[in-house]
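Take a look at the structure set out below.
The values are calculated or read from the model by the stated rules, or taken from the named source; none is laboratory data. In this text the structure is predicted, and so the values were computed from the model without any measurement. Glycine also receives a Cβ, built like all others from the backbone with ideal geometry; neighbour counts cover every protein chain displayed. To get the accessible areas, we keep the full protein, side chains included, count just its heavy atoms, and leave off ligands, DNA and RNA. Shrake-Rupley method; radii C 1.70, N 1.55, O 1.52, S 1.80 Å.
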Protein chains: 2
Amino acid sequence: MAGTVVALGGNALQRAGGEGTWAEACAQMRRAARTLAEVARAPGVLVVTHGNGPQVGVLLRQNELGAGEVPSRPLDVLGAETQGQIGYLVQSELTAALRRAGVARSVLTVISRTEVRGDDPAFRTPTKPVGRFYTESEARLLRKGRGWTLVNDPARGGWRRLVPSPRPVRWIEGHAVRELLGSKLGSRWIPVVAGGGGVPVVRRAPGVYEGVEAVIDKDLASSLVARELRTETLAIVTDVPGAAVRFGRSGERWLGEVDRAELARWSRDGEFAAGSMGPKVEAGLEFLRRGGRRFVITDIPSLPRALRGEAGTRVR
Amino acid sequence: MAGTVVALGGNALQRAGGEGTWAEACAQMRRAARTLAEVARAPGVLVVTHGNGPQVGVLLRQNELGAGEVPSRPLDVLGAETQGQIGYLVQSELTAALRRAGVARSVLTVISRTEVRGDDPAFRTPTKPVGRFYTESEARLLRKGRGWTLVNDPARGGWRRLVPSPRPVRWIEGHAVRELLGSKLGSRWIPVVAGGGGVPVVRRAPGVYEGVEAVIDKDLASSLVARELRTETLAIVTDVPGAAVRFGRSGERWLGEVDRAELARWSRDGEFAAGSMGPKVEAGLEFLRRGGRRFVITDIPSLPRALRGEAGTRVR
């Protein structure tokens, strides 16, 4: 389908250095929504995905603090809750911005599950720190009692739980969203999907999926969404206007129009930081390798110009 | 459209007297899902709505307990989170049950906002207790500082916040769900919508809605969903097999096939308890008054037979 999957991260949802209040989140999303409404003027499908790192962190913390009084919920359930929370935010602010801009489209949040493989090597080597810091003796108890993997980060405050980050292989609700977008008035809707990378589930039998305590990289999940909807473009929106080589060092160079093979080479050479620009570039390269036409990395203010080929990092 | 809106409450989602763990919720929903999968064999639209009382209570409590460390979120946002949480539960268990039953349908959760009027008299007279109990001096501070209405319930533990319960007037995402259900493969999807009555929002300008701290009766919201989708049937699933007159007194009589005028008369005479069977009957009568064809009240085990006219309370 002609159209774009826009993956929102970082600044679009939460102000860096803010207090993390809901009013702040609304104000931040309101700004992003003005830009997205401009993007929504273009014909073709528009789909929004988003991260959930800070939001799921708050829910985890509240679960821990309330554990003496009310039962805690597993990580996959908290992920589904952040999809409701952030989806509501995006759909409220974006629908309003669309109306103000005179764009006759509406926003719809679909709770999304993402299948991962039970034999993904990530399950043997958890790598993503989540939740609070523990003392050494607490860490020992949690390792024994709950089978957690924990890592010591003394500079930041002690031991922390690590969860696996398996690769997304299928977006379970994708067929329904594809059907909606392909319907008579389909282009009228802007779905918000695969929030936080989607709720990670493992297939136990045909149609039977079980949630797992893991996190899915939201950029890889967004690449999967773009492939399953067969959109031309995947746009990853982050805090910087594009990708750079020699980032933060002498000879730093911001990338504009880039060749796919060139980007892949830089990526192999370690030009893009792990946990930051690295997975975004990897997600984009995967999208292009598997049938995608265009991959864009930029920030919210530059997004409309980036999609017109005038800003950001663009790869074909 | 031919078809049914099934409103799930009480036992379908949480075991009475249980500990409120996620494992319990899954087991409970798994049982309900087996019955719903049977219902889903019938042709025609099937839409699921649900309550969120206990679940939003847990989130409120966790927000209160964590307030010293992480910012709290308003009630409307917590409502959206429970839609994600419960929607994920319903769609996981029901999709699995459908597969096991050989029914080729899938479940899709859509985050739903419900418009209420800013001038609804409920805003002047909050009636629904939410959250924890406070001491008299805390209550005084909250009344002054945050403008809350609080009520004293000494037998249960002190003062409690009251929030308004305005009438639902529009289901904002209804047009998208109607379009999906009317599409080529529309009958393939079972949408889960208007969880907890939908997130209550007030219209500030065309297309611009603002969340409000209120709760919406899930049965009235389900009646609205059924009317907006123009389904023939509204089925309210509760903990008892049907409605009764002289409930719990001598001469108690369970109602089977009932005339609408007769039900309305009993309702006016106060036969159905406020906060329990009363609002369900009211929701059903409103559905029938405004174009609905059939209204059913029953419990999960009796639902398939009730829909065949062999059990439960049925009103035309």
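Have a look at B:83, B:62 and point out the one that is buried (at least 24 other Cβ atoms within 10 Å of the Cβ), facing chain A (nearest Cβ under 8 Å) and free of Cβ contacts under 8 Å to residues at least 12 places away in the same chain.
Values: B:83 fails: free of Cβ contacts under 8 Å to residues at least 12 places away in the same chain.
Just one listed residue meets the conditions, B:62.
Take the residues in region B:278-316 that are of a type in the set (Gly, Ala, Ser) and within 23 Å of residue B:29 (Cβ to Cβ); name whichever of them is surrounded by the most Cβ atoms within 10 Å (Cβ to Cβ).
Pass one, region B:278-316, residues of a type in the set (Gly, Ala, Ser): B:278, B:283-284, B:291-292, B:302, B:306, B:309, B:311-312.
Keeping just the survivors that are within 23 Å of residue B:29 (Cβ to Cβ) gives B:283, B:302, B:306, B:311-312.
On the way: B:283: 24, B:302: 20, B:306: 24, B:311: 19, B:312: 27.
Only one residue tops the list, namely B:312.
Any residue at all in region A:159-176 that is of a type outside the set (A, V, I, L, M), in contact with a Pro (Cβ under 6 Å, 6 or more places away or on another chain) and modelled with pLDDT under 95?
Quick first cut of region A:159-176, residues of a type outside the set (A, V, I, L, M) only: A:159-161, A:164-168, A:170-171, A:173-175.
Narrowing the set further to residues that are in contact with a Pro (Cβ under 6 Å, 6 or more places away or on another chain) leaves A:160, A:164.
Remaining after also requiring modelled with pLDDT under 95: A:160.
For region A:159-176, residues of a type outside the set (A, V, I, L, M), in contact with a Pro (Cβ under 6 Å, 6 or more places away or on another chain) and modelled with pLDDT under 95: present.
Quick check: is even one residue across region A:146-159 assigned to a helix (DSSP H, G or I) and not assigned by TED's automatic domain parsing to the domain that holds residue A:210?
Applying the first criterion (assigned to a helix (DSSP H, G or I)) to region A:146-159 yields A:146.
Next, only the ones that are not assigned by TED's automatic domain parsing to the domain that holds residue A:210 stay: A:146.
Scanning region A:146-159, I find at least one residue that is assigned to a helix (DSSP H, G or I) and not assigned by TED's automatic domain parsing to the domain that holds residue A:210, so the answer is yes.
Under 6 Å by Cβ, and 6 or more places apart or on different chains, what pairs join a residue from region B:250-268 that is in a helix (DSSP H, G or I) with one that is surrounded by 15 or more Cβ atoms within 10 Å (Cβ to Cβ)?
Every condition considered, the pairs that remain are B:260/B:288; B:260/B:315; B:263/B:315; B:264/B:285; B:266/B:245; B:267/B:281.
For region B:29-41, give me the residue count where each residue is open to solvent by 10 Å² or more (accessible area, probe 1.4 Å) and assigned to a helix (DSSP H, G or I).
Of region B:29-41, the ones open to solvent by 10 Å² or more (accessible area, probe 1.4 Å) are B:30-31, B:34-35, B:38-39, B:41.
Those still in the list that are assigned to a helix (DSSP H, G or I) too: B:30-31, B:34-35, B:38-39.
Summing the residues that are open to solvent by 10 Å² or more (accessible area, probe 1.4 Å) and assigned to a helix (DSSP H, G or I) in region B:29-41 gives 6.
Within region B:172-195, work out how many residues are among the small types (Gly, Ala, Ser), more than 11 Å from residue B:229 (Cα to Cα), surrounded by fewer than 21 Cβ atoms within 10 Å (Cβ to Cβ) and facing chain A (nearest Cβ under 10 Å).
2
Of the conditions (1) away from chain A (no Cβ under 11 Å); (2) buried (at least 24 other Cβ atoms within 10 Å of the Cβ); (3) more than 28 Å from residue B:234 (Cβ to Cβ), residue B:49 clears all except one; give me its number.
(3)
Test residue B:139 against the criterion of being touching a residue at least 40 places away in the same chain (Cβ under 8 Å) and in a helix (DSSP H, G or I), and give yes or no. So that I can check it myself, show each step before the final result.
Values: touching a residue at least 40 places away in the same chain (Cβ under 8 Å): no; in a helix (DSSP H, G or I): yes.
No, not satisfied.
Pairs under 6 Å by beta carbon, first residue buried (at least 24 other Cβ atoms within 10 Å of the Cβ) in region A:207-229, partner of a type in the set (Phe, Trp, Tyr), six or more apart or different chains?
Short answer, once both residue conditions are applied: A:223/A:287; A:224/A:171; A:225/A:171; A:226/A:287.
Check whether at least one residue in region B:246-259 is among the hydroxyl-bearing types (Ser, Thr, Tyr) and in contact with a strand residue (DSSP E or B) (Cβ under 9 Å, 6 or more places away or on another chain), and report yes or no. If you could, list the steps in order and put the result at the bottom.
Keep residues of region B:246-259 that are among the hydroxyl-bearing types (Ser, Thr, Tyr), which gives B:250.
From what's left, in contact with a strand residue (DSSP E or B) (Cβ under 9 Å, 6 or more places away or on another chain): none.
The answer is no, given that none of the residues of region B:246-259 is among the hydroxyl-bearing types (Ser, Thr, Tyr) and in contact with a strand residue (DSSP E or B) (Cβ under 9 Å, 6 or more places away or on another chain).
Tell me yes or no: at least one residue of region A:152-170 is within 14 Å of chain B (Cβ to nearest Cβ) and over 30 Å from residue B:173 (Cβ atoms). Even if it seems obvious, please write down each step before you answer.
Taking region A:152-170 as the starting set, the residues that turn out to be within 14 Å of chain B (Cβ to nearest Cβ) are A:157, A:170.
Still in the running and over 30 Å from residue B:173 (Cβ atoms): A:157.
Yes - at least one qualifying residue is present in region A:152-170.
Every residue in region A:125-154 that is of a type in the set (Gly, Ala, Ser) and either within 25 Å of the chain's Cα centre (by Cα) or surrounded by 13 or more Cβ atoms within 10 Å (Cβ to Cβ) (or both), please. Quick ask: steps written out before the conclusion?
First, the residues of region A:125-154 that are of a type in the set (Gly, Ala, Ser): A:131, A:137, A:139, A:145, A:147.
Passing the criteria: A:131, A:139.
How about region B:196-221: which of its residues are within 11 Å of chain A (Cβ to nearest Cβ) and not in a helix (DSSP H, G or I)? Give the derivation first.
Initial filter on region B:196-221 (within 11 Å of chain A (Cβ to nearest Cβ)): B:196, B:198-199, B:201, B:203-211.
B:198, B:199, B:201, B:203, B:204, B:205, B:206, B:207, B:208, B:209, B:210, B:211 - these are the residues of region B:196-221 that are within 11 Å of chain A (Cβ to nearest Cβ) and not in a helix (DSSP H, G or I).
Can you tell me which of (1) among the acidic types (Asp, Glu); (2) in contact with a strand residue (DSSP E or B) (Cβ under 9 Å, 6 or more places away or on another chain); (3) at pLDDT 95 or above is the one residue B:271 doesn't meet?
(3)
Could you please tell me which pairs satisfy a Cβ distance under 6 Å, a separation of 6+ or placement on different chains, a first residue in region A:164-179 that is under 10 Å from residue A:112 (Cβ atoms), and a second residue that is open to solvent by 30 Å² or more (accessible area, probe 1.4 Å)?
A:171/A:228; A:174/A:228
Which ones in region B:268-277 are surrounded by fewer than 18 Cβ atoms within 10 Å (Cβ to Cβ) and either in contact with an Asp or Glu (Cβ under 9 Å, 6 or more places away or on another chain) or closer than 16 Å to residue B:312 by Cα (or both)?
Of all residues in region B:268-277, those surrounded by fewer than 18 Cβ atoms within 10 Å (Cβ to Cβ) come to B:268-270, B:273-276.
Within region B:268-277, no residue meets the criteria.
Scan region A:14-27 residue by residue and report those that are within 14 Å of another protein chain (Cβ to nearest Cβ), under 18 Å from the mean Cα position of the chain (by Cα) and surrounded by fewer than 21 Cβ atoms within 10 Å (Cβ to Cβ).
A:14, A:15
Kindly list the number of the only condition in (1) out of contact with any Phe, Trp or Tyr (no Cβ under 9 Å at 6 or more places or on another chain); (2) at pLDDT below 95; (3) not hydroxyl-bearing (Ser, Thr, Tyr) that fails for residue A:71.
Looking at each condition in turn, residue A:71 falls short on (1).
Out of (1) within 29 Å of residue A:78 (Cβ to Cβ); (2) open to solvent by 60 Å² or more (accessible area, probe 1.4 Å); (3) of a type in the set (Asp, Glu), the odd one out for residue A:252 is which?
Failed condition: (1).
Going by the structure shown, is residue A:44 at pLDDT below 95, loosely packed, with under 15 Cβ neighbours inside 10 Å and more than 10 Å from chain B (Cβ to nearest Cβ)?
Values: at pLDDT below 95: yes; loosely packed, with under 15 Cβ neighbours inside 10 Å: yes; more than 10 Å from chain B (Cβ to nearest Cβ): yes.
Against the criterion (at pLDDT below 95, loosely packed, with under 15 Cβ neighbours inside 10 Å and more than 10 Å from chain B (Cβ to nearest Cβ)), residue A:44 qualifies.
From the list B:224, B:180, exactly one residue is over 17 Å from the mean Cα position of the chain (by Cα) and part of a helix (DSSP H, G or I). Which is it? Break it down into steps so the answer makes sense when it comes.
Numbers: B:224 fails: over 17 Å from the mean Cα position of the chain (by Cα).
After applying the criteria, what remains is B:180.
Could you check region A:69-127 and list, in sequence order, the residues that are part of a loop (DSSP other than H, G, I, E, B) and of a type in the set (S, T, N, Q)? Even if it seems obvious, please write down each step before you answer.
Filtering region A:69-127 for residues part of a loop (DSSP other than H, G, I, E, B) gives A:69-74, A:101-105, A:111-112, A:116-120, A:124-127.
Correct list: A:72, A:112, A:125, A:127.
Kindly indicate the residue of region B:96-111 that is within 12 Å of residue A:206 (Cβ to Cβ) and more than 8 Å from every other protein chain (Cβ to nearest Cβ) and also least open to solvent (accessible area, probe 1.4 Å) among those meeting that condition. Please lay out each step first, then the result.
Initial filter on region B:96-111 (within 12 Å of residue A:206 (Cβ to Cβ)): B:96, B:98-100, B:102, B:104.
With the extra rule that they be more than 8 Å from every other protein chain (Cβ to nearest Cβ), the set shrinks to B:102, B:104.
Values: B:102: 64, B:104: 88 Å².
The extreme case among them is B:102.
Report yes if some residue within region A:70-77 is over 22 Å from the mean Cα position of the chain (by Cα) and either closer than 20 Å to residue B:75 by Cβ or at the interface with chain B (Cβ under 7 Å from one of its Cβ atoms) (or both); otherwise report no. Spell out the reasoning first.
First, the residues of region A:70-77 that are over 22 Å from the mean Cα position of the chain (by Cα): A:70-72.
Imposing the further condition that a residue be either closer than 20 Å to residue B:75 by Cβ or at the interface with chain B (Cβ under 7 Å from one of its Cβ atoms) (or both) reduces the set to A:70-71.
Yes, region A:70-77 contains at least one residue that is over 22 Å from the mean Cα position of the chain (by Cα) and either closer than 20 Å to residue B:75 by Cβ or at the interface with chain B (Cβ under 7 Å from one of its Cβ atoms) (or both).
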